[in-house]
Amino acid sequence: MSTKVDPRVQRTKAMFQEALLALLEEKDYKKITVREISERSRLNRATFYLHYYDKEQLLEQLMDEALEDLRKSVQVNDYEYKYDSDNPHPIFVRLFEKMIERNQFYQIMLAHEKVPYFIDSVKRIIETFVREGAQYMINDQHTFKVPMEISIAYITSAYLGVIIWWLKNDMPHTPTYMAKQLTTMSTVGPMVDNPYLR
């Protein structure tokens with residue numbers, strides 16, 4: 001039995017999602033109504049209710065799709081894991097590329113925090129790949145000087161902070177450049193000469 005989604009349904013849902021994002025740029029989510037979403041999408045409310053129970057279901061589906069896409073892009077692959085501080089890690093490149101692909105969405109959700117709990121969802125995705133990377137190091141007999149849970153919390157928050165900074169500043173650098181900076185800071189640190197090693 002085919003589970004292929006009708007292209008017309010996909011287009012209709014995309015129109016409602018685009019309408020919701022456009023309205024989120026203008027006002028708080030709580031103040032947005034189904035009527036406004038329908039009017040902005042140039043579809044009627046009857047069509048909206050054919051696809052969604054309410055605006056919460058629309059928002060949830062929009063976020064779930066974006067998060068699943070992001071989750072897949074940052075999965076750690078065995079062949080990609082290597083100790084290389086000179087080149088941008090491909091996971092970081094994909095992470096920033098996803099932000100550009102859904103630029104409007106991430107500007108609204110992360111830079112402007114229109115839906116505060118969304119940040120926690122992104123943070124959990126980042127934490128997952130940080131934890132997977134840490135496990136590779138443990139498997140290679142590397143020992144954490146700082147307790148692993150504290151290290152993971154620190155690194156996760158640092159990555160998220162850099163991503164939000166980049167979005168809030170209108171993405172001033174390419175994904176490759178940003179990936180290289182995160183790779184450098186994650187491996188050899190941000191300083192040319194580490195003053196603590198003198």
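What follows draws every value from the coordinates through simple rules; no lab data is involved. This one's a predicted model, so the numbers in the text were calculated from it and none came from an experiment. Counting neighbours? That spans all protein chains shown, and the Cβs are built from the backbone with ideal geometry, glycine included.
List the chymotrypsin sites (Phe, Trp or Tyr not before Pro) within the stretch 15-68 that fall in a DSSP loop (any state other than H, G, I, E or B) and whose Cβ has at most 12 other Cβ atoms within 10 Å.
Counting only loop positions with at most 12 other Cβ atoms within 10 Å, the chymotrypsin sites (Phe, Trp or Tyr not before Pro) in the stretch 15-68 are Tyr53.
Extent of the stretch 81-198 along each principal axis, from alpha carbon coordinates, in Å, largest to smallest?
42, 28, 25
For helix 148-168, report the angle its Cα long axis makes with the longest principal axis of the Cα atoms of the chain; keep it between 0 and 90° and round to the nearest 10°.
50 degrees
Taking the Cα centre of the stretch 7-52 as the origin, how large is its charge dipole in debye, to the nearest 20, when only Lys and Arg (+1) and Asp and Glu (-1) carry charge on their Cβ atoms?
Value, rounded to 20: 220 debye.
Give me the angle, in degrees from 0 to 90, between the Cα long axis of helix 117-139 and the longest principal axis of the Cα atoms of the chain, rounded to the nearest 10.
So the helix axis and the longest Cα principal axis differ by about 30 degrees.
How tilted is helix 7-24 with respect to the longest principal axis of the chain? Cα atoms for both, answer in degrees (0 to 90, nearest 10).
The helix 7-24 is inclined about 70 degrees to the chain.
With +1 on each Lys and Arg Cβ and -1 on each Asp and Glu Cβ, how big is the dipole of the chain about its Cα centre, in debye rounded to the nearest 20?
Using Cβ point charges on Lys, Arg, Asp and Glu, the chain gives about 480 debye.
Can you pull the Rg over Rh of the stretch 5-76, Cα-only, Kirkwood?
Answer for the stretch 5-76: 1.01.
How far, in nm, would the chain grow between Asn139 and Met191 when pulled straight, counting 0.36 nm per residue and subtracting the alpha carbon separation?
15.9 nm
Given Cα pairs under 8 Å that are at least 6 residues apart, what percent is the relative contact order of the stretch 37-119?
18 percent
Roughly speaking, what % of Cα-Cα pairs in the stretch 47-150 are separated by over 18 Å, rounded to a whole number?
Of the Cα pairs, 59 percent sit more than 18 Å apart.
Simple spin-label model, 7 Å along Cα-to-Cβ: Thr47 to Glu65 in nm?
1.5 nm
For the stretch 1-77, build the charge dipole from Cβ charges (+1 Lys, Arg; -1 Asp, Glu) around the Cα centre, then report which of Ser73, Leu50, Thr33 sits farthest towards its positive end.
After comparing all options, I get Leu50.
Pop out the Kirkwood hydrodynamic radius of the chain from its pairwise C-alpha distances, inverse of mean 1/r, in Å to one decimal.
About 19.0 Å for the chain.
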